[in-house]
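Here's the structure we're looking at; comments come further down.
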Amino acid sequence: MEQQLLSQKAVDAVALNKAQTLAADKSKLKDNLSAELYKHYSTDLQNLLVTDRDKEIAMRALLDNKPAQEVEEIIFASPAGWTTDEAKVLVLIANNQLATIESQPEQQLDQKQSLQSYFLAKAVPIAVDLINWQLRESGSNSLRFKRATLEKQGRELVFTHDERGEIFRVTVNRNQSGELEYSPINVGSVKREDIQLWQKAERVLQQIIESEQQQELRQNKGISL
């Protein structure tokens with residue numbers, strides 16, 4: 001009986017060790033994924049203060065339909081080292097900001113303009129880079145999306161949805177310092193799906209840039225040989 005108990009304890013110890021190892025591996029994978037997602041959503045946010053950056057990252061993740069708990073885990077990857085309660089508060093603030101943007105009555109002009117300004121600040125720089133890439137690749141001044149079209153018409157950039165019509169029309173130029181400047185001519189009804197589309201377009205653009213950089217690097221290495 002004593003020998004049987006000792007054998008059972010040995011089996012239990014091995015099983016416990018395996019369970020602990022699996023839990024540790026799972027936790028490590030989870031941490032790695034959170035770190036990758038944090039890096040992914042922090043694109044072009046490096047110049048912001050860490051609190052502002054993490055709020056924006058939380059908003060981007062929520063716009064990407066990530067559940068609040070998963071967004072909190074992404075925020076844990078921040079160099080700020082937020083506690084569980086602090087991460088919850090950051091995600092709650094981001095969620096409330098999105099809810100405020102989405103629930104704007106038509107008569108609240110200031111809030112509507114705030115949404116339009118937020119949308120254009122996100123969409124226009126990405127649209128400029130995408131249309132410039134399209135011009136380099138094919139010489140075409142029109143880029144087709146799934147249910148929308150982006151066009152360059154002289155100095156104007158026009159984004160039109162197939163069903164909802166013109167979403168925005170802006171004049172675009174660069175000042176003497178090379179900084180992008182734009183002035184809205186017309187902004188239609190902005191919806192959450194519009195913001196999500198340009199979030200996705202930004203990721204696609206980043207992939208294009210990285211691919212071109214890798215190709216250029218390979219070409220340069222070939223020349224040096």
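Values for this structure:
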quantity	calculated
Amide H contacts under 5 Å for Glu166, placed H, 5+ residues apart	His161
Whether segment 155-210 is rounded, prolate or oblate, judged on the alpha carbon gyration tensor where a/c under 1.5 counts as rounded	oblate
Pairs beyond 18 Å (Cα-Cα), from Lys66/Lys200; Lys146/Lys200; Lys88/Lys122; Lys112/Lys191; Lys112/Lys200; Lys55/Lys122	Lys88/Lys122; Lys112/Lys200
Using alpha carbons only: equivalent-ellipsoid semi-axes of segment 112-224, gyration tensor based, whole Å	28, 16, 14
Proxy reagent accessibility, fewest Cβ within 10 Å first, across Val50, Val158, Val91	Val50, Val158, Val91
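Each reported figure results from applying straightforward, stated rules to the coordinates on display, with no laboratory input. Source: prediction; values computed, not measured. Cβ coordinates were reconstructed from backbone atoms using ideal geometry, including for glycine residues, and neighbour counts include every protein chain displayed.
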